[in-house]
Amino acid sequence: MKKISALILALLMVVGPITGCGTESAVNETPGTSTPAVQDKSADIVVIGAGGAGMTAAIQAVQDGAKNVVLVEKMPITGGNSVRSTGGLNAAPTKYQERDGIKDSIELFVEDTMKGGHNLNDESLVRTLAENSAAAVDWVNDIGGDLSVVGMFGGASVKRIHRPSDTSAVGPMLVTTLNNKVEELGIPVLLNTKAEEILVDANGAVTGVKVTGEEGTYTIKTKAVVLATGGFGANAEMVTKYKPALAGFATTNHKGATGDGIVMAEKIGAGFVDMEQIQTHPTVNPTDQTMYTEGVRGNGAILVNKEGKRFINELETRDVVSEAILKQTEGQAYLLFDQEVRERLKAIESYIKGGIIVEADTIEGLAEQIGVDPANLKETMEKYAGYQASGSDPDFGRASMEFPLTQSKYYAGLCAPAVHHTMGGVKINTEAQVLNTDGNPIPGLFAGGEITGGVHGGNRLGGNAVADIVIFGRIAGSSAHAYVMENGGTTEPTIQAAAKPAEAKPEVEANYKDGTYTGVGQGKGGEIKVEVVVKDGEVIKVTLKDHAETPGIFENAEEGVVGEIIRKQITEVDAVGGATMTSEGIKAAVAQALEAAK
Ligand code: ADP
């Protein structure tokens with residue numbers, strides 16, 4: 001099983017020169033100028049959005065026999081919101097549950113998901129999700145992923161969430177795995193390329209996608225489109241259009257989650273469901289928007305308000321916990337845990353490193369630091385330890401209390417709810433076909449992931465988004481390929497993928513000034529020169545220009561340090577063992593470059 005190290009590398013691919021577009025391509029003349037317009041391209045399947053669902057769909061289509069598939073991604077990197085998911089993938093019944101003696105079933109999974117979604121969910125989609133979930137875990141593991149630890153999460157009756165074996169966040173593991181597979185299969189990814197419009201013929205069947213890339217605007221002619229553009233959680237205007245009560249809320253979403261797919265689908269007559277169902281995540285740091293995974297509560301943490309008192313069963317569904325926090329003083333609460341919980345969950349280390357967790361040797365010390373009444377907090381903690389020992393929480397009915405929270409050190413993280421997941425979206429059937437407003441499939445249009453509505457109903461359970469991405473991404477890929485086979489068959493690739501050097505993905509938001517900067521640092525063999533590219537406020541690329549370091553050692557340092565800098569968006573990262581001086585040189589050079597970007 002592949003271990004995911006601290007360094008998360010995403011091997012991305014870019015497209016080389018257009019080759020062999022054949023008779024379908026045309027060179028257009030821009031009227032009134034002599035500049036030729038950008039050449040059109042063609043493919044059998046265009047997948048819009050290279051997040052979890054899109055990459056899964058593209059891979060599955062190729063695994064089914066598709067040859068001419070292209071991924072279109074508007075951002076400079078793949079991964080979308082998927083890379084930010086921290087929990088895992090809900091699945092039942094799996095061999096890992098059986099190994100751990102957990103009794104689960106498709107029925108129970110369906111029941112929990114319907115209950116969690118307030119029965120607003122489309123039950124046929126929920127059933128499809130549950131029925132294909134065990135195979136989804138195996139699929140991710142088969143393509144090089146690591147989902148083998150089963151844990152408890154809010155809204156599930158039993159341990160059902162499948163996570164990486166080192167208990168790290170699922171998103172980076174999943175996206176790295178998908179990136180690697182996309183590269184291995186030679187699927188071209190057009191980065192920095194925004195889909196603007198889905199083109200249809202007189203019968204409403206899909207014929208192409210209008211995109212704008214670095215070279216300009218052009219059409220990719222195609223037989224099938226998989227819409228995998230994710231949600232609209234980062235589009236405050238759209239969020240408040242559908243749910244005015246969320247005006248002014250922060251978001252946990254990446255910048256690209258602007259609902260483009262919603263707009264494109266609406267234009268060609270797609271039906272929508274549950275657009276007003278927008279989930280807030282209950283535990284987001286209000287200062288830097290870091291989302292504390294639900295696993296922190298699932299693994300034993302409690303929530304206390306600014307008076308030092310518990311106020312809710314911490315394992316309640318997200319909507320219930322979010323609402324309860326908003327009712328507390330300043331609409332905020334503290335996520336509180338002890339050393340034992342910290343040691344159980346690797347994700348906590350990143351919060352501590354990020355400086356958003358307060359720690360103390362005693363409960364009173366912690367209370368003082370966070371400005372909470374020490375006597376109240378002590379009483380709360382003693383009471384909770386008693387409940388944990390007796391296995392019953394008469395105050396709030398929390399069923400699973402992993403630890404008594406009595407082991408020093410003690411930790412607290414401030415949290416409040418933020419817009420997290422948009423549960424509504426385009427209407428699909430169990431084949432991932434997009435349905436029009438009359439309920440009929442739009443020929444050639446498929447969708448999977450957060451762009452779709454109906455799977456989660458009125459509340460998405462933790463672990464069901466990743467399940468949704470993989471399960472409906474796979475179905476969308478298979479359905480698109482089947483459609484292509486019924487409509488002329490698969491053709492040879494017309495867009496070539498070209499390997500690009502490894503790039504890492506930012507995990508945290510930064511706020512540098514956009515531009516390209518250079519810097520110099522002192523390595524072991526002399527000066528190391530770097531070029532740093534900042535886009536949308538984040539360092540997206542570090543290129544090492546000149547150096548006199550020892551071959552082998554240098555590459556190790558480059559891979560480790562550059563990846564970490566991009567992932568964390570800071571230069572104070574660990575040096576690579578055995579390559580300390582080179583690492584320090586690279587760090588210093590990037591730090592110097594970034595001075596100009598502040
Ligand atoms: P999901 O979880 O459903 O896969 P993600 O947010 O992970 O959703 O991925 C959606 C991806 O789609 C993101 O990488 C986003 O940048 C991309 N995307 C959104 N709109 C467009 C668009 N108009 N053209 C191309 N890519 C897009």
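Quick note: the coordinates plus some simple rules give every number you see, no bench work behind them. Since this is a predicted model, take the numbers as computed values, not measurements. Neighbour counts run over all protein chains shown; Cβ positions are idealised from the backbone, glycine included.
Structural remarks
- Cα centroid separation - the stretch 279-304 against the stretch 448-467, whole Å: 19 Å
- Its relative contact order, with pairs defined as Cα atoms under 8 Å and 6+ residues apart, puts the chain at 20 percent.
- Full-extension gain in nm, Asn440 to Lys598, via 0.36 nm per residue minus C-alpha separation: 51.7 nm
- Alpha-carbon centroid distance for the pair the stretch 38-74 / the stretch 79-110, whole angstrom: 27 Å
- Quotient of C-alpha Rg and 2.2 N^0.38 Å, computed over the stretch 262-338: 1.42
- Going by neighbour counts of Cβ atoms within 10 Å, the residues Leu108, Leu303 line up, fewest first, as Leu108, Leu303.
- Computed label-point distance, nm, for sites Lys267 and Ser157 using a 7 Å Cα→Cβ extension: 4.6 nm
- Label sites at Lys255 and Ser400, each approximated as a point 7 angstrom past Cα along Cα to Cβ, lie 3.7 nm apart.
- Restricting attention to the stretch 352-480, close to 80% of DSSP beta bridges with both partner residues there are antiparallel.
- Note on the stretch 280-419: Kirkwood radius taken over Cα pairs, Stokes-Einstein applied at 20 °C and 1.002 mPa s, translational D equal to 147 µm² s⁻¹.
- Residues Asp201, Asp319, Asp395, Asp438, ranked from the fewest to the most other C-beta atoms within 10 Å, line up as Asp438, Asp201, Asp395, Asp319.
- Around Val110: net Lys/Arg minus Asp/Glu count, Cβ-Cβ under 15 Å: -4
- The C-alpha radius of gyration of the stretch 185-227, expressed as a fraction of 2.2 N^0.38 Å, stands at 1.23.
- CD proxy at 222 nm, helix term only [per DSSP H run n ≥ 4: -39500 (n - 2.57); per residue of the chain; nearest 500]: -9000 deg cm²/dmol
- Sequence-distant contacts, meaning Cα pairs under 8 Å at least 6 residues apart, place the relative contact order of the stretch 515-596 at 40 percent.
- Under the combined filter of DSSP loop state and at most 14 neighbouring Cβ atoms within 10 Å, the stretch 292-340 retains these GluC sites (Glu not before Pro): Glu307.
- Cβ crowding within 10 Å, taken as a proxy for footprinting-reagent exposure, orders Lys210, Lys598 from fewest neighbours to most as Lys598, Lys210.
- Sparse-neighbour loop sites [trypsin sites (Lys or Arg not before Pro); the stretch 313-361; at most 12 other C-beta within 10 Å; DSSP]: Lys327
- Global geometry of the chain, whether rounded, prolate or oblate, following the gyration tensor of its Cα atoms and the 1.5 cut on a/c: oblate
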